[in-house]
Structure formats: structure tokens, C-alpha cells
Amino acid sequence: MIRWTITSLLCFLLIGAGPATRQTRLEFAESLWEAKLAATGDKPVVSEYYPTEESLVFLSAYDFTHEPRYAAAAERQLEYAHSREKDGLFLTSSGTTTRDYQARQTYNFYVAYRILGEVKYLRWSDECADALLRVIPRRAHTVNGQMHLLFRGDFYRPDGTMTVENSETIDPNQNSEVALAFSLLFHDVGSRWFDDARAKEIAHEELAAAMSIQDMKTGVLSLTEHIPGGDTAYGSYASFSWTWCQLLWREKEMDEHVRAQGKWLGPLMDLSRDSMRFYPTVIEHGRVPYWEAYYRLPLLWYCGVDGSKLTADLFERMRHPEQTPGDSVVPTAWGYYDLMGMPRAYFLGKSR
């Protein structure tokens, strides 16, 4: 019996496509989704910290194809992620959680609700938001003369006991994902958090704190309040949250910060050298990983940046997985794009 890995399946499918029958970008994505589905089989992907993230590839695939097999795969992964909770609180194998893990669990369940149309995922998302507020304390924190009430970045047990302290209270990618989770629920009439004053206050406090360490002249966003470097990967992830929040709130000050990010990240189009990393190690002019590019695209679209060359280069590189060892080429973020209202032509091109 042949045992396929995701890499070997991708290479087989790419060879099978052949140069004579150039696929559209969507057809190519479908071949990648099929390879991923075949590689995972009928079991969820075990993930220690972000189990809902593994559902995104199948949520995106279902969103674009309406193929029930993708919905079933997403549902298996979401059930697994939900099984890792205690009273709505996501827990690692050591029995702890953070605002980071909990925020992603919250907003990805919401995304599942919107794409699959199953109300239980909205309930799970609400429960995760409830647990975040119940277990992880919020404390007043001052930086650059501004005081904000923020969730702590430490590790906690379900009883509220802190196990590991994290001095980075302002970590924009984490503050921003918390803001996104509560912004999405605030704006959905079916959520328990719909039109809730506390959800609005949380979203705005977390966003304002993240934005407080941005250089508005250059648009560069510091990695954290204590690490001043502009990490383009985590900056792109923060920009994803900022852009989606702004599409929901439509506020002038928020718009100014998003557009400043566009000034910084918009020109960085060279996939071979335009990633600048400050965590976990310093990398100057590194290869842009797919997740960095995927999270950056909504910002470019919102700011009116022509992303045609970037997307063309992305799809061309995706056809050569050997060029990016260890970096999955399978599209994961497309479901996000649809919910944000990004036109599909922006990343699929005119031919789709």
C-alpha cells in the first residue's frame, strides 16, 4: 500500500496537471485542497495550540466549491478543537491557556458558523468569549502616556491561577485578534454579545493599545511594546485583524492606522526577500512565508494597492513546493476573504 504525504501528493498532482493544460487559479487550489483532504483522511489534525486553524483549509475549500466532503472534514476538525475545551476554555496538554489561544478559538468558530451555517459554532464562539472574560484578568496598562484596560498575556489554568508570566501586555498581534473576536460577535445579531457595550469596549481598548505603538509616519508596527522592530509577518497578522475590524466599525481613526500599515507593508512585494522577522529569531530580507502573504492581502485590498503581481508570484511559487520546504502551499485564508467582502478577482485574477 502506498502511503502518501501531503508533499508527495502535491508533487504528483502538479505533474499530472501538465504544462499543456494550465489550470485557472481556482482549479489549481482545488487540486491542493484535494491533496490535503487525501493526506488527512477521516481524522482531525492534532494541534497543540491552535486546533481551529487546521479547519480553515477545509472551510475555504467548502466556501468555494460547496463540496460536502470538505464540510465534513472541517466539522471533524472543529469537533476536535471543541473537545479540547473545559467550559468554553481552550486548554493545551499542560492544562493552560492564553488570550492568544482563546481568541483564535473564538473567532475561528465564528468563521465556521458563517461558512457552514451551523448555529452551534456561534454558540461555541460565544462560550469561548465568555470563558476568556471569566478566566483571564483584565488590568489597566499604560504605554506612551495612554492607559488601556487589557487582557493579560500570561498563561492561566481554568481556576484563574497564573502559571507563566508574560511581560508583553501590548503584543499587537494578540491584542488585535482579541479585538477581532469581540468585534465579530458584537456585530452579529445571533450572538449573545450582539450590541453589547462590554464587547465594544473590549474591542476598542485592545485595538487602541495595539495601535498606540505604531509609528504613524512610517506605518511600522513594533513587534511588542518592548521589542521595537517591525516584524512583517506578525505585522501582517495584526493588519488582518485591523482591516477586518475597520470593515465592521468604519471609524476614521482606525482607518488612519490601517492605511499607515498599508504604507509600510504595501511596497513589500518581493516574495524572495521582503520578510523581516524579529521573533523568534532576527531574519533580514527573508523569504515571505505563505501565511504572512495571506494575512497581508486584505490590507492591500483595503488600501487600494495593486496586488496583481504579488498574487501572480504567489500562485507561480505555489506550483513549485520544492522552493519553499516546510511551508504549506495549500490555500487556507480564502474563507476569511469572502466574509470580509474582498472581491475574489483580487486574488484569483480575471480568469478565476
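Please treat every number below as a calculation from the coordinates, not as lab data. Owing to the predicted nature of the structure, the values given are computational and were not obtained by experimental measurement. For neighbour counting, all protein chains shown are included, and Cβ atoms are generated from backbone atoms with ideal geometry for every residue, glycine included.
For the chain, the Cβ-based charge dipole about the Cα centre amounts to some 580 debye (Lys, Arg positive; Asp, Glu negative; other atoms uncharged). Between the stretch 51-88 and the stretch 146-212, the C-alpha centres lie 24 angstrom from each other.
Annotation for the stretch 24-131: chymotrypsin sites (Phe, Trp or Tyr not before Pro) lying in DSSP loop with at most 16 further Cβ atoms inside 10 Å of their Cβ are Tyr49. Annotation: the residues Asp306, Asp126, sorted from fewest to most other C-beta atoms within 10 Å of their own C-beta, follow the order Asp306, Asp126. Remark: the Cα gyration tensor places the stretch 236-323 in the prolate category, a/c being 1.5 or greater and a/b exceeding b/c. Highest mean packing first, where packing is the average number of other Cβ atoms within 10 Å per residue, the peptides 194-204, 225-235, 150-160 line up as 225-235, 150-160, 194-204. Within the shell defined by Cβ-Cβ distances under 10 Å, the residues around Arg317 carry a net charge of -1, with Lys and Arg each +1 and Asp and Glu each -1.
Adding -39500 (n - 2.57) for every DSSP H run of four residues or longer, then dividing by how many residues the chain holds, sets the calculated 222 nm ellipticity at -17000 deg cm²/dmol.
Remark: spin-label model distance Leu91-Arg139 equals 2.4 nm, labels positioned 7 Å along the Cα→Cβ axis. Counting other Cβ atoms within 10 Å as a rough exposure proxy, the listed residues Met340, Met162 run Met162, Met340 from fewest neighbours to most. Quick one: check the C-alpha center-to-center distance for the stretch 222-242 versus the stretch 277-352, whole angstrom. Each part reduced to its Cα centre gives a spacing of 17 Å. When a/c reaches 1.5 or more, the comparison of a/b and b/c decides; with that in mind, is the stretch 128-188 rounded, prolate or oblate per its Cα gyration tensor? Note, shape of the stretch 128-188 comes out oblate. Relative contact order for the stretch 30-100: 29 percent, from Cα pairs under 8 Å spaced at least 6 residues apart, divided by residue count.
If you take the alpha carbon atoms of the chain and fit the smallest convex hull around them, that volume is 139 Å³ per residue.
Neighbours of Glu165 by Cβ distance under 11 Å: Lys/Arg scored +1, Asp/Glu scored -1, total -1. Loop-located GluC sites (Glu not before Pro) across the stretch 259-352 with a Cβ neighbour count of 14 or fewer within 10 Å are lacking, with loop assigned by DSSP. Panel order for Cys303, Cys128, by other beta carbons found within 10 Å of each beta carbon, from fewest to most: Cys303, Cys128.
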